[in-house]
Amino acid sequence: MASSASQQNNHSPSTVIRFFKIVLQKSLQHGTLKVPKKFSKKYGDGLPNPVFLKPPDGTEWKIDWTKQDGEVLFEKGWKEFATYYSLDNGHLLWFEYNGTSEIEVHIHDTSCLEIDYPSNDNSVGISKKQQRQKKKVNAEPKASTPSRSKRLKRTAETTDEEGSPNTQNWKQNANSEEETQLKMPKRRRKRSYMAVFSPGTKGFQALIEAKKFKSENPSFIVKITKANTSTSPANFQPSFYEKHFKDDEQPIHIRFERELLPAKVCYYQHSSLAVISAGWRHFHRTSKLQPGDVTVFELVNREDPLFDVHIYRAHG
């Protein structure tokens, strides 16, 4: 269990400890992640349990961990995190730890660029119970840290001949990731993925039309942004999932232009996230969705879940 705030680390609470971890196939198969040995040795005794991973998309993921041969091992909640962000062999995770239960994490794919995070426009997050647990763990106020721009400015960039980090070197040096102060890959400028739905845009008009949809059947809306492309899952209201489905995973069919497309909806209780995962890529490509489009998923059959999809296009 978590140590009290007074028993946490002997380093200054304002110190930000940065380390990275390369995702390996073995980790994905086991559904766990080993934190670098040097971090575990220096800071593991004061690391709260659980911790809350905070990606840039505004979500928080509760992760329970254990120790294995003196190394911190992320377990419960990690598999859901890896699945949601489609982590793959060779992906790089950049962590920033400041002595509390909250750990910032940035995900970089094998091209060495930070990923486009799935949109989180349904204002979902951790449950109230988890918030109380987190508040209890963070007994002392979170120390102020330098702004991200200043921290990145102080962090050297490591590049290859083309000006981006050498991915092959990352994979070759997967066993030597233990340093906590390491060089940072070049970051992608943060984008506003929801700008396509700003007032006055075609996406905004499509959203207005979609909200006029009425049916006796339950339904939910998914707004299409650059973040929920064919390679990322699509979020929808977790309250819809909780009301109409029991298990954490539910096979469904999406009916589009008389074609039945198999898919799956998932619910991640640790972060109260509901997503369309398996099958979303095929549907996205088949329906030729573009940023600014709005889709309404209407549940027309509850016993053998079948959704009719209604698309309000922002472009033609």
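Observations
- Criterion (in the same structural domain as L28 (by TED's automatic domain parsing) and either out of contact with any Pro (no Cβ under 9 Å at 6 or more places or on another chain) or modelled with pLDDT of 85 or more (or both)) met by exactly one of K142, K134, K128: K128
- Of the residues making up segment 243-258, those that are within 10 Å of D308 (Cα to Cα) and charged (D, E, K, R) are R255, E257, R258.
- Note on segment 204-316: enclosed strands (runs of 3 or more DSSP E) holding 3 or more residues that are farther than 25 Å from D88 by Cβ and over 18 Å from the mean Cα position of the chain (by Cα) are 219-223, 249-256, 294-301, 306-312.
Residues are listed down the side, and each one gets a yes or a no for (1) of a type in the set (S, T, N, Q); (2) touching a residue at least 24 places away in the same chain (Cβ under 8 Å); (3) crowded, with 20+ Cβ neighbours inside 10 Å; (4) assigned by TED's automatic domain parsing to the domain that holds W61:
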| residue | (1), (2), (3), (4) |
| --- | --- |
| V222 | no, yes, yes, no |
| Y241 | no, yes, yes, no |
| H253 | no, yes, no, no |
| F256 | no, yes, no, no |
| K264 | no, no, no, no |
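- Selected residue (criterion: surrounded by the fewest Cβ atoms within 10 Å (Cβ to Cβ)) from residues of segment 270-295 that are of a type in the set (S, T, N, Q) and at pLDDT 90 or above: T286
The values are calculated or read from the model by the stated rules, or taken from the named source; none is laboratory data. It should be emphasised that the depicted structure is a prediction, and the values quoted were computed from it without experimental measurement. Counting neighbours? That spans all protein chains shown, and the Cβs are built from the backbone with ideal geometry, glycine included.
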